[in-house]
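A.B. asks: Sharing a structure, written as structure tokens. Questions coming.
The values are calculated or read from the model by the stated rules, or taken from the named source; none is laboratory data. In this text, all values refer to a predicted model and were calculated from it rather than measured experimentally. Positions of Cβ are generated from backbone atoms using ideal geometry, with glycine treated the same way; all protein chains shown enter the neighbour counts. For accessibility, only protein heavy atoms count, side chains too; no ligands or nucleic acids. Shrake-Rupley method; radii C 1.70, N 1.55, O 1.52, S 1.80 Å.
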Amino acid sequence: MKIKYLYAWLIAAVLFSCDDSTTGIGDSTISAGDKINSGVATYNVSTRSILADSVYARTNTAYLGKYTDPQFGEFTADFIAQFNCTDNFTFPETIQEITGIQLKLYYTSFFGDSLNAMRMQIDTLNKVIPETELKTFYTSIDPSQYYDINTKPLARKAFAARGPSVNDTTYIFTDMYGDETSRLKNYWQEIKLPLSLGKQMYNKYVENPDNYKDAESFIKNVLKGIYVHCTHGDGTILYIDDIFLNLNFNYLIKSSSGKVDSLTNGGIVFAATKEVIQANRFQNSERLNELTEETKCTYLKTPAGLFTEVTLPIDEIAEVHQRDTLNAAAITFTRLNEKNDSPYSMSTPKYLLMVRKSDMYNFFENNETYDEKTSFLAEYVESGESANTYSFTNIAPLISYCIKEKAKGNYTEDWNKVVLIPVDTEVDSSGNIIGIKNSLKMQSTSMVGGKNNPIKMQVLYTTF
């Protein structure tokens, strides 16, 4: 934003917006005839890249695959999942035989090579995942704590995001007149599981129907869950929307004679839903450690890769403006157009959350949204005069909050630091943002900054 616009903004703020929301730095009393002076001060702000080796990811989307990027190195994604069971579930009384069981993974999108050859492996869990522990929903979860690596896996399957291994369905959406408005193609991988697993699941019901009384009983007594991971291949990450376990059987129904003597096929579907646990594990290579040492720029890389830490010059502002009123503080982060030799470019994060470093974990754990006091949201601008930027137009409330916090002696080592985190937003029917979550897509960008390259923050103030 140009200085002349900042001054115009300042004058408007002084003349028309002097209310309870105005942020004060020092304490002052206005007497009749006092002159109001206004100004703009510019401060250096230091930034650096920091590792985000684990993020809170309570999500219905599962991620599977491996991708090695020339810039960021190797990334792998796998997941563990439980299956839900409806309350007081019952099987048909006339089941004659269990005929099959399949795992189905549905997705509409992926990152990387659509025809790249991969191989997945499915293992059963031998320990119930602790739902009450927050670490369960962090992407550093260790699947080896919940399954036996020496036990024979349930299944292995070669696959590609699109290709011979894939089934697909096209959904056509229409308007009220029946005219087509859009199409969505849904893909799924079907993995045949051992028949013995299906028989074992049914036998648990025969032994005691209460094993299927509810989801908790089912997970504890029938199937604790599965671990799905890739053992071969590099170049594709699936974004899996739905996970189903299909159990097939033959059973008797009434025939035309009125007797229950006609054999037919049936099936039950158990789904991995939000009522039970689905936990993603992400791993990045040591290459990210090297990027944190970069001094001429900073990086953002998701999922669970790199964030940008910002150290605000709050002590300096407090010293210079002891008797001033802080009207606004604006800071802009500029994206760099870097060349990446990868054939599959990661997208640029659409939204950045600015949050205090001390709050960067509990913000997501508590399902908070930004309050424009200690947390702020900026949207990426692609074109126009402010192209390639994320702008936080007024973080003055944060600066004032930190000054008061330090004055009370109630502050930590990171009291003057914030972190920029790529996020996804959830909106209501009116388009209002009602939820914020860590971005788990393959995204990245570099920004102007770094230890040896400070960026600027402009402070608008008035002196009475």
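A.B. asks: Can you compute the charge dipole magnitude of the stretch 79-171 about its Cα centre, using +1 on each Lys and Arg Cβ and -1 on each Asp and Glu Cβ, nothing else charged? Give it in debye, rounded to the nearest 20. Intermediate values should be presented prior to the final figure.
C.D. replies: Working: 8 positive and 10 negative charges, 85 e Å.
The calculated dipole for the stretch 79-171 is roughly 400 debye.
A.B. asks: If you don't mind, there's one more thing I want to ask. Rounded to the nearest 5, what is the percent of antiparallel bridges among the DSSP beta bridges in the chain?
C.D. replies: Details: 131 of 132 bridges.
Roughly 100 percent of the beta bridges in the chain run antiparallel, per DSSP.
A.B. asks: Right, here's the next one. Quick one: 3J(HN,Hα) in Hz for the stretch 446-451, Karplus 6.51/-1.76/1.60 with θ = phi - 60°, rounded, Gly and Pro as x.
C.D. replies: 10, 9, 4, x, x, 3
A.B. asks: Would you mind putting 43-54, 332-343 in packing order, based on average other-beta-carbon counts within 10 Å, highest first?
C.D. replies: Values: 43-54: 18.1, 332-343: 13.3.
Order by mean packing, descending: 43-54, 332-343.
A.B. asks: Report the Cα centroid-to-centroid distance between the stretch 72-149 and the stretch 220-279 in angstrom, as an integer.
C.D. replies: 12 Å
A.B. asks: Considering only DSSP states other than H, G, I, E and B, which chymotrypsin sites (Phe, Trp or Tyr not before Pro) in the stretch 191-291 qualify as loop sites with at most 14 other Cβ atoms within 10 Å?
C.D. replies: Working: sites: TYR202, TYR205, TYR212, PHE218, TYR227, TYR239, PHE244, PHE249, TYR251, PHE270, PHE282; in loops: none.
Qualifying residues, ordered by number: none.
A.B. asks: Something else about it: Could you compute how much accessible surface ASP241 exposes when probed at 1.4 Å, giving the result in Å² to the nearest 10?
C.D. replies: 60 Å²
A.B. asks: Rounded to the nearest 500, what is the chain's calculated 222 nm mean residue ellipticity when only DSSP H runs of at least 4 contribute -39500 (n - 2.57) each, over all residues? Numbers along the way, then the final one.
C.D. replies: Values: 7 runs with 62 residues, N = 464.
Only helices count here, giving -3500 deg cm²/dmol.
A.B. asks: With only Lys, Arg, Asp and Glu charged, each at its Cβ (+1 for the first two, -1 for the last two), find how big the charge dipole of the chain is about the Cα centre; round to the nearest 20 debye. Could you put the intermediate results ahead of the total?
C.D. replies: On the way: 44 positive and 56 negative charges, 158 e Å.
So the dipole magnitude of the chain works out to roughly 760 debye.
A.B. asks: How much accessible area per residue does the stretch 228-275 have, in Å², with a 1.4 Å probe?
C.D. replies: 50 Å²
A.B. asks: A further question follows. May I ask you to give the solvent-accessible area per residue for the stretch 372-457, in square angstrom, as obtained with a 1.4 angstrom probe?
C.D. replies: Values: 4260 Å² over 86 residues.
Each residue of the stretch 372-457 exposes 50 Å² on average to a 1.4 Å probe.
A.B. asks: Spelling out what I want: for every residue of the stretch 328-340, take phi, set θ = phi - 60°, compute 6.51 cos²θ - 1.76 cosθ + 1.60 (Karplus), and round to whole Hz; glycine and proline get x.
C.D. replies: Result, ordered by residue: 6, 9, 10, 9, 10, 10, 9, 7, 9, 8, 9, 7, 10 Hz.
A.B. asks: I would also like to ask the following. Scan around SER165 for amide H atoms under 5 Å from its own, H built in the peptide plane at 1.01 Å from N, and keep only partners 5 or more places away or cross-chain.
C.D. replies: ALA160
A.B. asks: Carbon and sulfur: what percent of the chain's accessible surface (1.4 Å probe)?
C.D. replies: Values: 10570 of 23430 Å².
In the chain, the share of accessible area belonging to carbon and sulfur is 45 percent.
A.B. asks: Given a Förster distance of 22 Å, report the FRET efficiency between ASN221 and LYS157 from their Cβ-Cβ distance, rounded to the nearest 0.05.
C.D. replies: Numbers: r = 28 Å, r/R0 = 1.26.
Efficiency computed from Cβ-Cβ geometry: 0.20.
A.B. asks: If you compute semi-axes √(5λ) of the Cα gyration tensor in Å for the structure shown, which of (1) 53, 24, 22; (2) 37, 29, 24; (3) 37, 24, 19 do you land on?
C.D. replies: (1)
A.B. asks: Hey, another quick one. Once R0 is set to 35 Å, what does the formula 1/(1 + (r/R0)^6) return for the Cβ-Cβ distance between GLU382 and ARG323, expressed as a FRET efficiency to the nearest 0.05? Intermediate results must be reported in sequence, preceding the final value.
C.D. replies: Values: r = 42 Å, r/R0 = 1.19.
Plugging the Cβ-Cβ distance into 1/(1 + (r/R0)^6) gives 0.25.
A.B. asks: Quick check: from the Cα gyration tensor, does the stretch 177-289 come out rounded (a/c under 1.5), prolate or oblate? Don't skip to the end; give the middle numbers.
C.D. replies: Numbers: a/c = 2.41, a/b = 1.47, b/c = 1.64.
Oblate.
A.B. asks: Could you derive backbone 3J(HN,Hα) for the stretch 292-300 from the dihedral phi with the Karplus parameters 6.51, -1.76 and 1.60 (θ = phi - 60°), listing whole Hz in sequence and x where the residue is Gly or Pro?
C.D. replies: Using θ = phi - 60°, the values come out as 5, 8, 4, 9, 9, 6, 10, 10, 10 Hz.
A.B. asks: Considering Cα pairs under 8 angstrom that are at least six residues apart, work out the relative contact order of the chain and quote it in whole percent.
C.D. replies: Details: 1074 pairs, mean separation 128.3, N = 464.
Relative contact order of the chain: 28 percent.
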